[in-house]
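S.K.: My questions all concern the structure below.
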Amino acid sequence: MEPTPPPIHPLRIAPIDAPTLASVRPKPPAAPGGIEPYRVLFPIGALAGIAGTALWITQAFGAPWPGMLHASLMMQGFELCFVTGFLLTAMPSFTHGDKCTPLELGATTAAALAFLALHAVGIEGPAKLCFTFALLVTATAILRRVRFDGAAPPEEFLLAGVGLLLGIAGGLHQASAAFGWLAEPQPRFGVRLVSRGMLLAVVLGLGGLLVPTFAMVKDPLRIVGIARAGQRGPRRVFVLALAALIAGAFLADTSDRHTLAAWMRAAAAIASTQLSWKSWSRPGRRDPLTMALWLSGWMIVLGITAAAAFPAHEIAAWHVTFVGGFGLLTMAIGTRVTVTHGGHPGTDEPKVLGWASLALLGAALLSRLAGGEVDPTRSHALAGAAAAWVLAWALWLSGALPRVLRKARKSAGMMMPSRPKR
């Protein structure tokens, strides 16, 4: 009889490497030195998110209407930094390859900062090219390390790849429109390729791996009715179907079939959060981080479904997804990476993400909904939402920064779910 393996501590989830592969194939050597990507990009992202929402506070006191600047700073500044910071940090665990090099991190960071600076002063075309370049560097860094043998990344990584492609297409669309090279097929089409394409695909794909595992849901890597943890084939079909729905929605949009496009996105969100994330399942803990992960799934599907069902309130509905879904998830995953990858004890997580931050994000969402479809007569509600968001992220930064700036001990690396066997 084989000995029973020791239990895995809930805060130290098994690395993604398959034990059988590790025993016969040595890991590639890690790149020497350098600063880990999350330690640079997460603080920049948090500050961009604070700046992007603070615009509504200044507008309430007479500043110009900041709608487009706000959207770009949030989707292409705030979320860009967290997405690239996470992917470049987690890259060795997902791909079984080298760590991010200083050149890759430097190029991504410089492009993100250049986007923020150029966009803030209204230099649109070059700003959008900088955003696109940051995504290209990240995508290239990952692709260089992807292997197609037994150490291939999880199938869900395909959806993240589709997300990066949609983001690159969105950046190029926006740059082309700014330079007058190409008219966008629909108003704000390029921005939506990022917000409703890239972010949705990355969140649904990687969320299917991380959320049920980090929330300690029973049988986390099972896709209900489709695939068990070790089944790559059915899992790949499911992931590609989600990618087809998200990408296909934009083809429907270009044909003015907006209702179809909205329901295609809703179908992808419902299928992913209910079958892969298993949002209906009870989480294994009741701490702030776990509850943020669990709630984010419901907020994502609620907002996208409401946008499809009530198109007259589309903007407000999508903010349920942006604030309650993407915002909560970004804060929770950012906390887990900062604490675990930095070698800090798991008991530090509530010191970074506490109940107060969750309550403030909830207040931001409720106040934003009171603002309706960005009604100028309700600027006080938008300013209130912005103030609550700013306080939530300032509180998060106050806990995260001391742990970002120093590592407690030698890190064990990104903790990921076990790699499904072929």
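S.K.: In whole Å, what three semi-axes, largest first, describe the equivalent ellipsoid of the range 34-153 built from its Cα gyration tensor (square root of 5 times each eigenvalue)? Numbers along the way, then the final one.
M.R.: Working: eigenvalues 198, 34, 25 Å².
Sorted largest first and rounded, they come to 31, 13, 11 Å.
S.K.: Test of understanding: what is the full-extension gain from L401 to D219, defined as 0.36 nm times their sequence separation minus their Cα-Cα distance?
M.R.: 62.2 nm
S.K.: Report the relative contact order of the chain, percent, no decimals, based on alpha-carbon pairs under 8 angstrom and at least 6 residues apart.
M.R.: Numbers: 686 pairs, mean separation 81.5, N = 422.
Once normalised by length, the contact order is 19 percent.
S.K.: Report the label-to-label distance for R232 and W65 in nanometres (one decimal), using points 7 Å from each Cα along the Cα→Cβ vector.
M.R.: Modelled inter-label distance: 5.2 nm.
S.K.: Report the full-extension gain for the segment A183 to H380: residue separation times 0.36 nm, less the Cα-Cα distance, to one decimal in nm.
M.R.: 67.4 nm
S.K.: Looking at the square roots a ≥ b ≥ c of the eigenvalues of the Cα gyration tensor of the chain, which shape do they give, rounded for a/c under 1.5, prolate if a/b is larger than b/c, or oblate?
M.R.: Because its axes are fairly even, with a/c under 1.5, the chain counts as rounded.
S.K.: What is the distance in Å between the Cα centroid of the range 279-320 and that of the range 325-389?
M.R.: The distance from the Cα centre of the range 279-320 to that of the range 325-389 comes to 13 Å.
S.K.: A further question on this structure: Taking a spot 7 Å from the Cα of A117 along the direction of its beta carbon, which residues of the range 74-110 have an amide N less than 13 Å from it?
M.R.: Output list for this probe position: 109-110.
S.K.: Something else about it: Based on the mean of other Cβ atoms within 10 Å per residue, sort peptides 228-234, 294-300, 134-140 so the most packed one is first.
M.R.: In descending order of packing, they fall as 294-300, 134-140, 228-234.
S.K.: If eta is 1.306 mPa s and T is 10 °C, what Stokes-Einstein diffusion coefficient results for the range 309-383, Kirkwood Rh from Cα pairs, in µm²/s?
M.R.: Working: Rh = 13.9 Å.
My calculation gives 114 µm²/s for D.
Here, each number is a calculation from the coordinates, and none is a lab measurement. The shown structure was predicted, so the numbers you read here are calculated from the model rather than taken from an experiment. So basically every Cβ, Gly included, is an ideal-geometry build from the backbone, and we count neighbours across all protein chains shown.
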